[in-house]
Amino acid sequence: MDRLYDAVKGKVGLKQSALTKELHKLKKHQEQLEKNVQGLITLFSNQALTLGAFTVQNHRIHAEQEALAKRKVELDSILEAQKDTEEQFRAFQKQIALFAKLDIDDEQVLKQLLHQVIDKIKVHQDGTIKIHYNIAQPQVLGELLQGA
């Protein structure tokens, strides 16, 4: 059971960690761009830059800031969805625990329950097997378990 939970939880955790790191880098980059804007303003006010050079650099920085802001919104949205996935994982754990306690003699019922727990199974040409567990709909499994 622990190995199953670790396998499912590991996939969720790795993705969330990568997203959090990317978000942190993005925030650092945004801070650097703000410093660049301030430096640009200082150079222009000291007449070290022409209006044309200032305008070109300002537009470039502004476009980059817009792209970063858009990506930040995307990352925030994905991380918010990850919170939902964590809740689904906890529900999945509860349902699997119920499943493990069952003593099912009816093979058809057992097959139906397994179909709800496993989303898909991929067998690669090298013989390795990858199981994709269904953590998105644990409530369906719970309904089946209550009826078993």
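The values are calculated or read from the model by the stated rules, or taken from the named source; none is laboratory data. Please read all numbers here as calculations on a predicted model, not as lab measurements. Just so you know, the surface numbers come from the protein's heavy atoms only, side chains and all, with ligands and any DNA or RNA stripped out. Shrake-Rupley method; radii C 1.70, N 1.55, O 1.52, S 1.80 Å.
Quick grid of which residues meet (1) at pLDDT 95 or above; (2) open to solvent by 80 Å² or more (accessible area, probe 1.4 Å); (3) of a type in the set (Lys, Arg):
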site: Asp6; (1), (2), (3): no, yes, no
site: Gly10; (1), (2), (3): no, no, no
site: Ser17; (1), (2), (3): no, no, no
site: Thr20; (1), (2), (3): no, no, no
site: Gln32; (1), (2), (3): yes, yes, no
site: Gln47; (1), (2), (3): no, yes, no
*Out of all the residues in region 64-79, is one or more aliphatic (A, V, I, L, M) and at pLDDT below 75?*
no
